[in-house]
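A short write-up of the structure that comes next.
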Amino acid sequence: MKILEERILKDGAVRPGNVLKVDCFLNHQMDISLFQEMGKEWKRLFEGVNINKILTIEASGIGIASIVSTYFGNVPVVFAKKSESLNVDGEVYRTKVESFTKKRVYDVFVSKKYLSPDDHILIIDDFLANGAALNGLIDLVTSAGATVEGIGIAIEKGFQPGGDLIRSKGVHLESLAIVDKLDAETGEIAFRH
Ligand code: 5GP
């Protein structure tokens, strides 16, 4: 998606450890017009797919998923929670995710009330790196007996194994920008086309 790539080149910064910092438009300050363009693009890419719910993971996925929902008939957005909360009552589906940016393993969960076998899920997230976050989300959907109809990722880091891992499961994955190279010394960012 050209406007996303252009925005990454304009405002993204490469950090050591293969980290792309895009927090001025994607995961701290959020550019809603850009999210709307992303929503339109995923709607086009998933045209005709039956989707009745969007699943994402806190925190960065929530803003994107909420805007994207408006292009899919305002379907409910459920986000997997990372921290225990007294507000979550009843039983939960739970799985473990290894964080790429924080280098630790944490539990994520969704209340059983919000995922059911009738659900046709579009998973949305900001980044795909090693695929741990997506694997966790797919695991939650599968535990509920629901169906993953597709996955929309804003930025896939194509030099990390997550994309191949997820595609090898036969899931329809659409990444709007695939970064094939990040160079922290020169600041170079190269895309796959
Ligand atoms: P994975 O689980 O695929 O290894 O990593 C995905 C998660 O790690 C995303 O939800 C995102 O929050 C975070 N992440 C991975 N790589 C990057 C990166 O280069 N930049 C930023 N800002 N977040 C990243």
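Nothing in this text is a laboratory measurement; each read-out follows from the coordinates by a stated rule. Given the structure is predicted, the values throughout are model-derived calculations rather than measurements. We place every Cβ from the backbone using ideal geometry, glycine too, and count neighbours over all the protein chains shown.
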Fill in the blank from the handout: Contact list, first residue from the stretch 99-117 and in contact (Cβ under 8 Å) with a residue 24 or more places away in the chain, second anywhere and within 11 Å of the ligand (Cβ to nearest atom) and not in a strand (DSSP E or B), beta-carbon distance below 6 Å, six or more apart or interchain, is PHE100/ALA129; PHE100/ASN130; TYR106/LYS82; VAL108/LYS82; VAL108/GLY136
Exercise for the section: Return yes or no: is ILE67 surrounded by 18 or more Cβ atoms within 10 Å (Cβ to Cβ) and in contact (Cβ under 8 Å) with a residue 12 or more places away in the chain? Expected result: yes
Practice task
Take LYS2 and decide whether it is crowded, with 19+ Cβ neighbours inside 10 Å and more than 16 Å from the ligand (Cβ to nearest atom).
Solution key: no
Fill in the blank from the handout: Here the residues within the stretch 76-100 that are crowded, with 20+ Cβ neighbours inside 10 Å and either within 14 Å of the ligand (Cβ to nearest atom) or of a type in the set (Ser, Thr, Tyr) (or both) are PHE79, ALA80, VAL97
Practice task
Please verify whether the stretch 68-75 includes one or more residues that are touching a helix residue (DSSP H, G or I) at 6+ places or on another chain (Cβ under 9 Å) and within 16 Å of the ligand (Cβ to nearest atom).
Solution key: yes
Problem - Qualifying positions in the stretch 8-26 - under 18 Å from the mean Cα position of the chain (by Cα) and part of a helix (DSSP H, G or I) - result: ILE8
Exercise for the section: Scan the stretch 151-172 for residues that are surrounded by fewer than 19 Cβ atoms within 10 Å (Cβ to Cβ) and touching a helix residue (DSSP H, G or I) at 6+ places or on another chain (Cβ under 8 Å) and jot them down. Expected result: LEU165, LYS169, VAL171
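Do we find a residue being out of contact with any Leu (no Cβ under 7 Å at 6 or more places or on another chain), touching a residue at least 40 places away in the same chain (Cβ under 8 Å), crowded, with 18+ Cβ neighbours inside 10 Å and assigned to a loop (DSSP other than H, G, I, E, B) anywhere in the stretch 37-46? Walk me through how you get there before you give the answer.
We begin by selecting, within the stretch 37-46, every residue out of contact with any Leu (no Cβ under 7 Å at 6 or more places or on another chain); these are 37, 39-40, 42-45.
Next, only the ones that are touching a residue at least 40 places away in the same chain (Cβ under 8 Å) stay: 42, 45.
Checking the rest, the ones that are also crowded, with 18+ Cβ neighbours inside 10 Å come to 42.
Filter once more, so that each one left must be assigned to a loop (DSSP other than H, G, I, E, B): none.
Checked the stretch 37-46: no residue is out of contact with any Leu (no Cβ under 7 Å at 6 or more places or on another chain), touching a residue at least 40 places away in the same chain (Cβ under 8 Å), crowded, with 18+ Cβ neighbours inside 10 Å and assigned to a loop (DSSP other than H, G, I, E, B).
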